[in-house]
Amino acid sequence: MIVKICGIQSVDAGLAAAEAGADMIGFVFAESTRQVTADQAAQIGKKLPSHVKKVGVFVNEPIDSLLNIADTAALDYIQLHGDETPAYVKELNKPVMKAFSVSSESDLKRLTAYACDYYLLDSPAEAYRGGNGTPFDWSLASSKTLPREKLFLAGGLHADNVQQAISEVSPAGVDVSSGVETNKQKDSLKIKQFIAAARKGQ
Ligand SMILES: O=C(O)c1ccccc1N[C@@H]1O[C@H](COP(=O)(O)O)[C@@H](O)[C@H]1O
C-alpha cells in the first residue's frame, strides 16, 4: 500500500511523515490554506530522505508555470486536481496522478482517457478543489473493471476509516491531508496512526 501524506508546509511535518513511513508527501501549489511556494517546497524537500517521493498538487495551472515549479521544487510526481484534459497530461510529459471527483459511477468512465501513472479518486470540490476532509461513497468505486494497480483513494480518510476504505476499494495507494491534522496543522501522532492503520488494512 502506497501512502501519501499531503499538504506538507514545514520540515518538521515532512520529517514526521518520512519517519512514520510515508512513501510520498504532497506540496499544494493550488489555492488552499495549505498552499506553499516553489521555494518553500524546495527547502523542505531537501531535508527529506530521497526515497520519499515529492508530489506537487496543482489545479488548472498553465503548463509553463507548472513546469517551472516542478523544476524548482524537484517534484517526482504531478497531481492534477482540476479540469485538466488528457491532452494537457500528454503535453506535460511528466509522471502524473490525475484526480477525479466521484459523485456517481459515471464519473469513473473518464479515467482511462488519461495516460497517467495513477488515478486519484476524491470527493467533489467544496471550498477548495481538494483537501476538504469529506469522504465519498466508496461503494461507487467497487467495480471490478477499475485498474486497481493505478488507483489512489483520497477524501476524508483518517486512521479510523482507512482500513474500511481499503477493504471496499482495494486501491494501490491512499492519500490524506485533513485527517492527519489538529487545528489545521499536521499532527505527528495522527500521521503515525494513519500510516500504521493503512499498512494493516492492505
Ligand atoms: O490539500 C489541499 O489543501 C488541496 C487543495 C486543492 C486540491 C487538492 C488538495 N489536496 C488533496 O485533496 C485530497 C483530499 O484531501 P483530504 O484528506 O480530504 O483533506 C487529497 O488527494 C489531497 O492530496
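In straight-distance terms, cross-link reach from Lys150 covers every one of the lysines whose alpha-carbon lies under 22 Å from its own, apart from those fewer than eight places away in the same chain; here that gives Lys4, Lys53, Lys54, Lys90, Lys94, Lys98, Lys109, Lys200. Exposure here means at most 16 other Cβ atoms within 10 Å; with GluC sites (Glu not before Pro) in a DSSP loop as sites, the longest stretch of the chain lacking them is 32-125. Adding -39500 (n - 2.57) for every DSSP H run of four residues or longer, then dividing by how many residues the chain holds, sets the calculated 222 nm ellipticity at -8500 deg cm²/dmol. Quick one: longest stretch of the chain between exposed loop trypsin sites (Lys or Arg not before Pro), exposed meaning at most 12 other C-beta atoms within 10 Å and loop per DSSP? With a cap of 12 other Cβ atoms within 10 Å, the longest stretch comes to 48-143.
Evaluated with a Cβ-only charge set (Lys, Arg +1; Asp, Glu -1), the chain carries a dipole of roughly 500 debye about its Cα centre, given to the nearest 20.
Of the beta bridges DSSP finds with both residues in the chain, what % are antiparallel, to the nearest 5? Numbers along the way, then the final one.
Working: 2 of 31 bridges.
Taking every DSSP beta bridge within the chain, about 5 percent pair in antiparallel fashion.
For the chain, with a Gaussian network of springs between Cα atoms less than 10 Å apart, report the residue from Ala113, Ala159, Ala99 with the top mean-square fluctuation. Between Ala113, Ala159, Ala99, it is Ala113 that shows the largest mean-square fluctuation.
Give the Kirkwood hydrodynamic radius (Å, one decimal) of the stretch 2-201, defined as one over the mean of 1/r across all pairs of different Cα atoms. Can you show the working numbers first?
Details: mean 1/r = 0.0604 Å⁻¹.
In the stretch 2-201 this quantity evaluates to 16.5 Å.
Taking the Cα centre of the stretch 92-177 as origin and assigning +1 to Lys and Arg Cβ atoms and -1 to Asp and Glu Cβ atoms, the resulting dipole is close to 380 debye.
Read-outs: derived from the displayed coordinates by stated rules, not from any lab. In this text, all values refer to a predicted model and were calculated from it rather than measured experimentally. Note: ideal-geometry Cβ built from the backbone for every residue, glycine included; neighbour counts use all protein chains shown.
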